[in-house]
1. Quick check: at a probe of 1.4 Å, how many percent of the accessible area of the chain sits on carbon and sulfur atoms?
2. Using alpha carbons only, how many angstrom separate the centre of region 78-156 from the centre of region 359-403?
3. Students often forget the sequence filter, so: which lysines lie under 16 Å Cα-Cα from K201 once same-chain residues fewer than 8 apart are removed?
4. Order 90-99, 256-265 from most to least packed using the mean count of other Cβ atoms within 10 Å.
5. Over region 1-63, average the accessible area per residue using a 1.4 Å probe and give it in Å², no decimals.
6. What does the highest-first list of 176-189, 298-311, 382-395 look like by mean Cβ count within 10 Å?
7. Calculate log10 I(q)/I(0) of region 98-152 for q = 0.24, 0.28, 0.31 Å⁻¹, where I(q) comes from the Debye formula with a single equal point scatterer on each Cα and nothing for solvent.
8. Over all distinct Cα pairs, what is the inverse of the mean 1/r for region 322-403, reported as the Kirkwood hydrodynamic radius in Å?
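The values are calculated or read from the model by the stated rules, or taken from the named source; none is laboratory data. Owing to the predicted nature of the structure, the values given are computational and were not obtained by experimental measurement. Cβ placement follows ideal geometry from the backbone for every residue including glycine, while neighbour counts extend to all protein chains displayed. Each accessible area value is taken on the protein alone, full model and side chains, heavy atoms only, with ligands, DNA and RNA left out. Shrake-Rupley method; radii C 1.70, N 1.55, O 1.52, S 1.80 Å.
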Amino acid sequence: MTDIKAVLRAQHIETPSWAFGNSGTRFKVFAQQGVPRDPYEKLADAAQVHAYTGVAPTVALHIPWDKVDDYADLARHAREVGVGIGAINSNVFQDDDYMLGSVTHPSARVRRKATDHLLECVDIMDATGSDTLKLWFSDGINYPGQDDIRARQDRLAESLAQVYERLGDGQRFLLEYKLFEPAFYATDVPDWGTAYAHCVKLGPKAQVVVDTGHHAPGTNIEFIVAFLLREGKLGGFDFNSRFYADDDLMVGAADPFQLFRIMFEVVQGGALDDGKEVRSTTQFGGSAGGEAPRRVAFMLDQCHNIEPKIPGQIRSVMNVQEATAKALLVDREALAAAQTEGDVLGANAVFMDAYNTDVRPLLAELREETGLAPDPMAAYAKSGYFEKIAAERVGGTQAGWGA
Ligand code: PSV
Ligand code: MN
């Protein structure tokens, strides 16, 4: 039987540096008190999330939002405050040159510039020790006939191949898809199938990342998760929740049942087996040779536009933990037996029993066993950290997403 507590103790949820900066919609970015002025302060805030939850030991960076002169020094600072550097997120969507696309742009000069940025991100992985590059392209077209859809796929493939070649041993990239926005007619990587096809062609160091906010309403995300895991091509998640489009709200806030269903497929697919998900490196998926990290990265990709940021991240991590605990509680033997017998209602009851279990006491107990406070939200609120950063971080320019 699965040792549920051991798996939960080994869980690893990655926080995004940008969640600690100011954010908003295209209508307004609201400034909050105590917001970091630089990547060093973002890492210090992310370390608070890990300090109170015990399961958020790495932080994703976004380049150029987290551009510094010395990345090795930034990684040293991260270690000093108690976290590590996670995925490096590229950004080829905020330069005037990218109005008509980045790696799929009709101009070879712009494509070169975009691909060079992606290669620079691999240099940053080398300097920080990160093993994962996350690629999301805002590329697409707004009007029928604007550009050649098929030629844009060729250009995408050519750029991805260059980045793939540059990856070192133990490094990988995750290709992220998104249905629409900012392109409104045809996005160049709109869905998991497109991302999957490019990754399969490239080999084991290319995997798909599922951002839970990037689908058409009603899409069965857990099916995608099950399929990609079966193919060895699920590289990770960008967790968040949504009511309408890519809302980037706290994961588990809009639809905790969906999060549970996703985490159940993660458990079923063996991605959390005995807590071994953390940084094992064995060949996984694809056809070509080469070592690639096997783990599924559980990352948050959220913005806290109106709620305080550090508690917003703590709550999100707890929501993922709760969904994971419930998924682990599913009696899989009983479920399999009911399924084999064709007992539709019995199988559904096994599933729902786990979802309807209150796992908060279990998680509180687990935290106490590992020397943490049982309620991370209350412990953080009592710590005085917010009052300290609000008083200290005066002057300078608060970090934002550069929109
Ligand atoms: C795009 O919407 C996205 O999900 C990508 O992961 C970006 O890197 C991130 O959001 C920026 O917040
Ligand atoms: Mn994302």
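1. Exposed carbon and sulfur together represent 54 percent of the surface.
2. Measuring centre to centre over Cα atoms gives 32 Å.
3. Of all the lysines, those that pass the test against K201 - Cα under 16 Å, at least 8 places apart if same chain - are K233.
4. Averaged packing, sorted descending, gives the order 256-265, 90-99.
5. Details: 2250 Å² over 63 residues.
Counting only protein heavy atoms, the per-residue value for region 1-63 is 36 Å².
6. Answer by packing, highest mean first, reads 298-311, 176-189, 382-395.
7. So the normalised log intensities are -0.92, -1.09, -1.21.
8. So the Kirkwood estimate lands at 16.7 Å.
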